[in-house]
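This report concerns only the one structure given below.
A short reminder: the numbers here are calculations on the coordinates, not readings from a lab. Keep in mind that this is a model prediction, so the values were computed, not measured. For neighbour counting, all protein chains shown are included, and Cβ atoms are generated from backbone atoms with ideal geometry for every residue, glycine included.
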Amino acid sequence: MTEKEKKEETSTEKPGKDEAKAEKKAAPKKKTEAKAKPKAEKAEPKKKEAKAEKAAPKKEAKAEPKKATKPKAAAQPKEITVTLKRSCIGRPKDQKNTLIGLGFKKVNQSRVLKDTPEIRGMIRKVSHLVEVQ
């Protein structure tokens with residue numbers, strides 16, 4: 001064998017880096033296209049059925065008269081006064097973020113907040129830094 005023939009054989013056996021990359025990129029695209037088509041075809045009949053089912057109950061609901069409901073008086077949540085008594089310097093980041101969430105920026109600053117479970121949980125987390133009145 002001559003040197004040229006050896007080079008030709010090795011080049012056909014081992015594709016170049018560019019060719020190998022192109023083959024790898026092309027192969028997954030074909031798979032995703034093949035998978036996507038059946039899903040789209042299957043989804044279309046389901047959508048039509050779902051639309052037909054949704055339309056039927058709406059007509060029935062319109063036929064029934066609605067009962068008049070009295071507007072409920074909105075219960076106003078109680079308010080609590082919270083005062084920052086200790087600095088957040090040297091505290092973990094989550095405690096600093098909690099104090100910022102409560103609206104504190106300076107020591108001895110007071111805030112009037114709604115008495116909700118979320119606020120109560122935040123106060124409980126930094127209870128050693130604040131005073132509740």
Tally of residues being surrounded by fewer than 11 Cβ atoms within 10 Å (Cβ to Cβ) and more than 26 Å from the chain's Cα centre (by Cα) across region 88-111: 5
Count of residues meeting criterion [touching a Lys or Arg at 6+ places or on another chain (Cβ under 9 Å), among the polar types (S, T, N, Q) and not in a loop (DSSP other than H, G, I, E, B)] in region 88-111: 2
Verdict on N97 being on the phi > 0 side of the Ramachandran plot and of a type outside the set (G, A, S): no
Residues within region 93-133 that are under 14 Å from T81 (Cα atoms), among the hydroxyl-bearing types (S, T, Y) and touching a residue at least 24 places away in the same chain (Cβ under 8 Å), tallied: 2
